[in-house]
Amino acid sequence: MRYVKGKCDLIIGGLVFLSCLVITGVNGSIHEYKDEAFIPRFNSFFFHGGSEGLYASKVQDSPLPVSDDSNNNKPLNGKSFIRFESITFRRTKEAANKQNEMQQSTGIVEAIILEVKDRNEIGGSYLNSDAICCTPALSKDGSCKVGEVIIHQDPENPGWPKRIQTSFEGNREEAIMVLQTVEINKTGMYYLYFMFCNPELKGTLISGRTVWRNPEGYLPGKMAPLMTFYGLMSLAYLILGLLWFLRFVHHWKDIIQLHYHITAVIGLGMCEMALWYFEYANFNATGSRPMGITMWAVTFSAIKKTVSRLLLLVVSMGYGVVRPTLGSITSKVLLLGVVYFLASEALELVEHLGNINDFSGKARIFLVLPVALLDSCFIVWIFSSLSKTLEKLQIRRSMAKLELYRKFTNSLAVSVLLSVAWIGYELYFNASDPLSELWRRAWIIPAFWTLLAYLLLLVICVLWAPSNNPTRYAYSGEALDDDDEGLSLTGSGVIVGGDLSKLERKERKASITADHVFGLGEVVLEEDKRE
């Protein structure tokens, strides 16, 4: 128990740390730089300023204004662009003091915008050289200028890749980039790099921000379809919730506690999809992720995933069908649920509260692995429990319940096979597209899991729908199970036999109610039926 408690404390501490870490930068299409350093690469120094899928501007007849007026959004309608705001480069004092105060340009920093397919046009690859910056030897043929990044212009798209230069003046420590907007007139995955070639600028830091926008809003291209998807899923959950509620009210006298658990999952799903839709809508309108809505959406998502998996697990165990309680394994089920919630919450926080251009691949792997391992535990436990439940139903010759569980098992098996196949496709997709060139199809990866969860919930709603004949799936006081999972109908002991008095039946009902887990399950005793 000390080990389990210590492990839980460690996970909680890690979750709090991750929350504090990612909440500091809840940004999306607004890429912020806070005294970031440049990385050496061959004979250059570079800083990755961001990458996003951008659609071409729908309106290209009027140029974008150079100055920024946040109160006037009319010029932005139908425009796709990258805007540089408050970009400042700061070199070291030692580097600044070496320069002549009267010299006009004592160092150049270049902003390079390129479409991913044109990545080979940067550097000396087309000149059979590994150099990124132009050298005296490479400048002899006039193809580049010494001290600048080598760029081979695309003849079919003049002016691209785009180069924007900012110069240090005299011995000043700071150079401020002119506020400007680069319009995007061609759909593609765009990368932004800040680069310099002068070794004397080593140690230079960058601060400021860039704003990226698509014609319909600030959502990155690979995320834009998800807003529509979550809107449709909100409608799907609303329809399912309405149909379930009407059925629930119509057969309210025959409701068992398992129906309340299913209702809770439907409600959580409705809230989750609605929150994600409003989160994406706000993100699209402002360019930044609203921290409050995002936190709620992430939390509801983690809770819904956990409760959904617990629902599958307790249904697979035959809860309310072949057993009235979970007995001694209740603590194990709850512990698995709590650990899964914490792991899922941590992963969701990092994925949705960090900057969208975060390349935290290694950090994400450390969070994905626990979730994947816990999902595997759920799958193994669910199918082993299903096997035991089917075996018990065959022994008892409960043909209606056996058929019900066979349908459920087949549906679950199909979902697992689809999941495995989709994981394989996802691995192939990510491995074959390291530079996000297939960004317009990336939204289907997360959408699949949301849709699969909805379909599984729909199957459970159909199989366990409230009806006038709840005994076809409800526990009906059958023979007790003497397995090692601790099934107990009373909290005080085992019933030897014979008819129970009214007082004994009341005490038994009270004990059964106290033993119920999650508030799920209502035992119908044969003695009470005969009363």
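Annotations for the structure displayed:
- Selected residue [hydroxyl-bearing (S, T, Y), more than 30 Å from F229 (Cβ to Cβ) and in contact (Cβ under 8 Å) with a residue 40 or more places away in the chain] from S415, S398, S436: S398
- Of all residues in the stretch 274-289, those that are in contact (Cβ under 8 Å) with a residue 40 or more places away in the chain have Cβ atoms under 7 Å from Cβ atoms of residues that are among the aromatic types (F, W, Y), 6 or more apart or on another chain, in W276/Y230; Y277/Y230; Y280/Y230; F283/Y218; N284/Y218; T286/Y218; G287/Y218; R289/F283.
- Residues in the stretch 198-229 that are under 22 Å from the mean Cα position of the chain (by Cα), among the small types (G, A, S) and at negative phi: G221, A224.
- Leading residue by the ranking (modelled with the highest pLDDT) among those in the stretch 2-58 that are at positive phi and surrounded by fewer than 16 Cβ atoms within 10 Å (Cβ to Cβ): D35
- None of R247, R209 is among the basic types (K, R) and touching a strand residue (DSSP E or B) at 6+ places or on another chain (Cβ under 9 Å) except R209.
- The listed residue being assigned to a helix (DSSP H, G or I) and exposed (fewer than 15 other Cβ atoms within 10 Å of the Cβ), out of Y425, Y454, Y405: Y425
- Filtering the stretch 457-472 to residues that are of a type in the set (A, V, I, L, M, F, W, C) and exposed (fewer than 14 other Cβ atoms within 10 Å of the Cβ) leaves only V462.
- Total residues in the stretch 245-269, condition under 20 Å from L455 (Cβ atoms) and touching a residue at least 60 places away in the same chain (Cβ under 8 Å): 8
- Of the residues making up the stretch 81-94, not a single one is surrounded by 11 or more Cβ atoms within 10 Å (Cβ to Cβ), at pLDDT below 90 and touching an Asp or Glu at 6+ places or on another chain (Cβ under 7 Å).
- Checking each residue in the stretch 231-245 for being among the aromatic types (F, W, Y) and open to solvent by 20 Å² or more (accessible area, probe 1.4 Å) picks out only F245.
Results for (1) modelled with pLDDT of 90 or more; (2) polar (S, T, N, Q); (3) under 20 Å from I423 (Cα atoms), shown as yes or no for each residue.
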{"position": "I356", "(1), (2), (3)": "no, no, no"}
{"position": "S360", "(1), (2), (3)": "no, yes, no"}
{"position": "R364", "(1), (2), (3)": "no, no, yes"}
{"position": "L369", "(1), (2), (3)": "no, no, yes"}
{"position": "A372", "(1), (2), (3)": "no, no, yes"}
{"position": "T389", "(1), (2), (3)": "no, yes, no"}
{"position": "K392", "(1), (2), (3)": "no, no, no"}
{"position": "Y405", "(1), (2), (3)": "no, no, no"}
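- Look at (1) out of contact with any helix residue (DSSP H, G or I) (no Cβ under 8 Å at 6 or more places or on another chain); (2) open to solvent by 20 Å² or more (accessible area, probe 1.4 Å) and you find that V116 fails only one, number (2).
- Any hit, the stretch 464-475, residues being at pLDDT below 90, polar (S, T, N, Q) and touching a Ser or Thr at 6+ places or on another chain (Cβ under 9 Å): no
The values are calculated or read from the model by the stated rules, or taken from the named source; none is laboratory data. Quick caveat: nothing in here was measured; it's all calculated off a predicted structure. Cβ: placed from backbone, ideal geometry, glycine included. Neighbour counts: every protein chain shown. Note: accessible area is taken over every heavy atom of the protein model, side chains too, but ligands, DNA and RNA are not part of it. Shrake-Rupley method; radii C 1.70, N 1.55, O 1.52, S 1.80 Å.
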